[in-house]
Structure formats: structure tokens, C-alpha cells
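Just below is one structure, and these are the notes that go with it.
No lab work stands behind these numbers, since they all come straight from the coordinates. These numbers come from a predicted model, not from an experiment. We place every Cβ from the backbone using ideal geometry, glycine too, and count neighbours over all the protein chains shown.
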């Protein structure tokens, strides 16, 4: 059965350009300069801009070293990450696969490099709904990180967190609980107490526990686990598994006070066309008041929604579940523009669907 998904996945980048020199300094080397600029754009959520810089870095590195040099995996991975978070999944996948082929050549000396690429490719598969494939890649990444960096490294914790998110999406909250508890325990040992990654882990632990509690109450009442959200979307924008409860999005997430990795990403809003009939639907709640307050919280959670008008709550009846009110944004004249925004939101773990309210 589809399970509630979490909204915070953690990606890993390989380029070290931001560590070169004082803050704000630009390297004289064009390769490092491109990496620095790409990383700044990436961590600011300007993914298309990051694509431009990371592509430049890759072209410079290829000209210097040739197309088969194993060190190119760094540039390939970073460009793939920018593509992934721009919703350009096919381009990202091709680059990840090329990076993995190069990582194989140096796995004996840098197993953590391959682990990073595996982790990020697994995030791509997760966004596409390819959950079994994602699970296999996360397991390989975890084993390599533990071997290369030790069981108490932050990258081990991040991978465990990502595996927990995936297990919940696969309907395995008990497994997810074990994984996220381990991630949090490692994080508390090796990270400062105010580190934003710890907040990600703690929030995910809270959500897993909440999911388990709901399931146990449902089972005690003689029902199966409650379906509260669709499964992740595939490339076509349609769900790839059973769509029971398709109009019911995940509960509105609390706005994060701090964030890390994908949780910090800010993306430019897709401007809606005036008077358009299409909208992006992010969640459904039980009352109009909850819809109005939830819409505000979602705009804080996803800044790309900040400039979009909030639709009046649309009342819908779900067979066997009751009455819900949709939280939706925008007046898009073109369904394709609305789908583009949804792809970006799904790449960050959000539920998003294109609707035509009242239509």
C-alpha cells in the first residue's frame, strides 16, 4: 500500500571548490571558479544556473584530462545533481551512470566517491518511483561509506536517513524507524547540537513514529493501514503504483527552522498565466480553516510557491474516507507549466499533482 512520504532527502556533492580560499574569494583557475560558482548557485537553489557552471567545469576538466579520467566523476556527479533538482531526470541519469563507470576505476582507493554517486542516483530513482532500484543503490552506498569512512561518519548517517525515507515510501515503517534512529544516534555523536542535519533526522523520526501510530490504531480497529498519499511520481508525472486516495496529499509539513541538503533548496517560482484553469495540488486537509493555514505553511516550506496565488479550498469527497479540502496554488493556462513545477517539487520529496479545480 502507498505510504506517507517524508519531505527531506539528503544529497551529497563531491566538488570542493567552496573550500578553496577565503569566503567570497574566486579562484584564478577557471575550473575551480566554475565549481565555486556552481556550488553557490546549487546551495541557493538556483539549479538551472548551477547547470551552466557545472557544465562549464565538466568541459574544462575533459579538455585537460580526457573523457576517461576517473577524476571526471566529480564534475559528472555535480552536474547530474543540478539536473536532478531541475527535474531533468533523463539527463541526470545518463551522467550518474557515466560517473559510476569512472568510479569503478578508482573504487579501491576512493570507495566513498562511488558511494556518493550511488546515493545521488538512488535519490533520482526515488523521485521517479523506482523504489526497488533505489533501495539496492542505497544499500551499496551504505556499505561503501562504512568501509571507507567508518560506521560513525555523517555520510553514513545521511544515507541511513535516505534509506528510512525510502522504506516509509515502500510501506515499511518498522524498518524506517530502525534506520532513522540509527542515523540520529550517529548524528548526535559526530555533529554539533545545532547542526541542521540533526533537525532533519529528528523531524523524520517524528514522522515515522506518527505513521506507525496511525497504522497500529487502524490495525487495532480491524482496518488495514490507512492510505494517506499517492506514491512517488514517475517520469510521466503520473503515479506509478496504486492511486487509492489519489486526492489526499501528505499532511502539511511544518516549516523548517533550519535545513540541510535538499531541505535548503530554493527554486525560482514558475510564473502562472493570468486566468489559467490549472493548479498544483500539494495537500488535502479536513477543514477550510486547516487548508488556509496549511497553504501558508507550505509556502514557507517551499519558497517557489511564495509568489503563486492560493486557490480557494476545494471540497472533495473521498470514498470511504470522507470530506477533504484541497490546498492548491496558481492559475496556469498551460498544464505543462504546472507539471514543470510539480516535477521540481517532487524532486525534493513533495507530493504534487496538477488539477483543474472545479473542472
Expected sort for 132, 35 with the fewest Cβ neighbours (10 Å cutoff) up front is 132, 35
At R0 = 35 Å the Cβ-Cβ FRET efficiency linking residue 321 and residue 175, nearest 0.05, sits at 0.85
For the pair residue 71 and residue 300, the simple spin-label estimate (label points 7 Å beyond Cα toward Cβ) gives in nm 4.6 nm
Taking R0 as 25 Å and r as the Cβ-Cβ distance between residue 191 and residue 147, the FRET efficiency 1/(1 + (r/R0)^6), rounded to the nearest 0.05, comes to 0.75
Hull volume per residue for the stretch 25-96, using the convex hull of the C-alpha atoms, in Å³ is 71 Å³
The stretch 17-210: spread of alpha-carbon positions along the three principal axes, whole Å, largest first, is 50, 35, 33
With the 8 Å Cα cutoff and a minimum separation of six or more residues, the stretch 61-216 has a relative contact order in percent of 14 percent
